[in-house]
Amino acid sequence: DDYVQTTGVPFEITVKGYDVYGNLSTADSTTVSLSSNSGSLLFDGNGNGEFGEPGDSLGVLDVGAVIIRARDTVAADGVTILAVDAYARSGTSPAYSVIASQIDRYLITSGTYVQMATVPFDVTVTACDIYNNVVTWDSTTAVTLASNSGSLFFDANGNNAFGEDGDTTRTLASG
């Protein structure tokens, strides 16, 4: 799907210049400047694989078009890209989503970190990508919890019987 990008994965943006009649302006060699409503989207206008260098958000139309690579590191919806030339002619891309990449690590949290013996408490496991985005698209990965405490038991099935077979493993629900 062209309207979904993945964090950290470069993708191509094609900017085309059109005349007032909607025809591709193949003789136009103007420079366009790209920007985005995403504060983390970076461009690679010179194509050297380094994103965000000075001048990387600029491209020169060649036979009416220019292709510039981009990469985002923050998952978000409604991201758009704006192209503007020196004559203030502009165009905006359709809105697209940026989704988290593969699971890199797990964030384990609890409502409180001071626990009383024999009093149950909740533990939340959140899957994160390398850029700290929650991997919301994963609802199939089974996570197994363990503790270095000899007296901490889990209740993954929620039946209030702690330490049963399978009580250390639970499948992610939207990350």
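The values are calculated or read from the model by the stated rules, or taken from the named source; none is laboratory data. No experiment lies behind these values; they were computed from the predicted model shown. Reconstructed Cβ throughout: ideal geometry from the backbone, glycine too, with neighbour counts over all protein chains shown. When the accessible area is computed, the model is the full protein with side chains, heavy atoms only, and any ligands, DNA or RNA have been set aside. Shrake-Rupley method; radii C 1.70, N 1.55, O 1.52, S 1.80 Å.
All but one of (1) of a type outside the set (Asp, Glu); (2) farther than 30 Å from GLY17 by Cα; (3) in contact (Cβ under 8 Å) with a residue 40 or more places away in the chain; (4) assigned to a loop (DSSP other than H, G, I, E, B) hold for THR140, so report the exception by its number.
(3)
This table checks each residue for (1) of a type in the set (Asp, Glu); (2) at pLDDT below 95; (3) surrounded by 13 or more Cβ atoms within 10 Å (Cβ to Cβ).
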residue	(1), (2), (3)
THR14	no, no, no
SER29	no, yes, yes
SER36	no, no, yes
ALA70	no, no, yes
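So which residues in region 108-123 are touching a Ser or Thr at 6+ places or on another chain (Cβ under 9 Å), open to solvent by less than 70 Å² (accessible area, probe 1.4 Å) and more than 21 Å from VAL74 (Cβ to Cβ), if there are any at all?
Correct list: SER110, VAL123.
Does region 148-167 contain any residue that is open to solvent by less than 60 Å² (accessible area, probe 1.4 Å) and either closer than 18 Å to PHE11 by Cα or not in a loop (DSSP other than H, G, I, E, B) (or both)?
No, region 148-167 contains no residue that is open to solvent by less than 60 Å² (accessible area, probe 1.4 Å) and either closer than 18 Å to PHE11 by Cα or not in a loop (DSSP other than H, G, I, E, B) (or both).
Could you please let me know if LEU42 is buried (at least 18 other Cβ atoms within 10 Å of the Cβ) and among the hydrophobic types (A, V, I, L, M, F, W, C)?
yes
Just checking, does region 125-136 include any residue being hydrophobic (A, V, I, L, M, F, W, C), surrounded by 15 or more Cβ atoms within 10 Å (Cβ to Cβ), modelled with pLDDT of 90 or more and assigned to a loop (DSSP other than H, G, I, E, B)?
Taking every residue of region 125-136 in turn, at least one turns out to be hydrophobic (A, V, I, L, M, F, W, C), surrounded by 15 or more Cβ atoms within 10 Å (Cβ to Cβ), modelled with pLDDT of 90 or more and assigned to a loop (DSSP other than H, G, I, E, B).
Filter region 58-83 down to residues that are under 25 Å from the mean Cα position of the chain (by Cα) and either part of a strand (DSSP E or B) or on the phi > 0 side of the Ramachandran plot (or both), then give me how many there are.
Going through region 58-83 one residue at a time, the tally reaches 15.
Which one of these does SER97 not meet: (1) among the hydroxyl-bearing types (Ser, Thr, Tyr); (2) free of Cβ contacts under 8 Å to residues at least 40 places away in the same chain; (3) part of a strand (DSSP E or B)?
Among (1) among the hydroxyl-bearing types (Ser, Thr, Tyr); (2) free of Cβ contacts under 8 Å to residues at least 40 places away in the same chain; (3) part of a strand (DSSP E or B), the lone unmet condition for SER97 is (2).
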